[in-house]
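> Following this message is one structure expressed as structure tokens.
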């Protein structure tokens with residue numbers, strides 16, 4: 001289901017878009033390419049919205065993905081905010097020149113695994129991401145075990161993470 005679009009705006013020199021559902025409305029979003037990606041698993045674009053005070057607030061990220069069936073490239077990510085109960089998983093199809101269509105679909109169980117773009121299935125439970133990948137919407141998988149405990153390896157939750 002198409003819920004929005006993005007297109008390059010020459011006046012703003014940015015990729016500008018909007019997303020709207022029955023309950024959510026983002027009339028002016030800015031999608032910017034991440035220029036200083038620290039790794040191949042880092043997001044390709046960050047999505048910003050201007051708040052009431054005029055500040056640009058990051059509300060989303062998208063990663064580049066390939067479809068398993070034909071290696072077509074698309075963007076997969078999420079829009080999120082502390083006020084949301086769960087993130088809004090999105091997929092963008094298109095390119096910077098011709099624009100992007102923003103797609104969403106209800107996630108459903110398939111073969112015992114969740115479906116959908118961002119890795120959540122059936123009421124927000126972790127399942128498989130778009131194309132059957134498990135571990136949530138992030139390429140590295142979840143750092144939470146079945147009991148919710150941290151399983152992230154050698155790092156402690158108290159370690160400082162550079163941004």
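The values are calculated or read from the model by the stated rules, or taken from the named source; none is laboratory data. Here the structure is a predicted model, which means the values were calculated and not measured. Don't worry about glycine lacking a Cβ; one is built from the backbone with ideal geometry, like all the others, and counts go over all protein chains shown.
> Can you confirm whether segment 110-119 contains a residue that is part of a strand (DSSP E or B), under 19 Å from residue 7 (Cβ atoms) and modelled with pLDDT under 95?
Checking segment 110-119: not a single residue is part of a strand (DSSP E or B), under 19 Å from residue 7 (Cβ atoms) and modelled with pLDDT under 95.
> Could you please tell me which pairs satisfy a Cβ distance under 6 Å, a separation of 6+ or placement on different chains, a first residue in segment 48-77 that is part of a loop (DSSP other than H, G, I, E, B), and a second residue that is surrounded by 13 or more Cβ atoms within 10 Å (Cβ to Cβ)?
So the pair list comes out as 68/131.
> Related question: On the basis of being in a strand (DSSP E or B), crowded, with 16+ Cβ neighbours inside 10 Å and either at negative phi or within 18 Å of the chain's Cα centre (by Cα) (or both), does residue 15 make the cut?
yes
> Can you name every residue in segment 18-34 that is closer than 24 Å to residue 84 by Cα, without any contact (Cβ under 8 Å) to a residue 60 or more places away in the chain and part of a loop (DSSP other than H, G, I, E, B)?
Within segment 18-34, 22, 23 meet the criteria.
> Just need a number here: residues in segment 78-108 that are in contact with a strand residue (DSSP E or B) (Cβ under 7 Å, 6 or more places away or on another chain) and assigned to a strand (DSSP E or B).
Result for segment 78-108: 14.
> Please pick out the residue among 10, 23, 35 that is loosely packed, with under 10 Cβ neighbours inside 10 Å, at pLDDT below 95, closer than 19 Å to residue 90 by Cα and more than 14 Å from the chain's Cα centre (by Cα).
Criteria check complete, one pass: 23.
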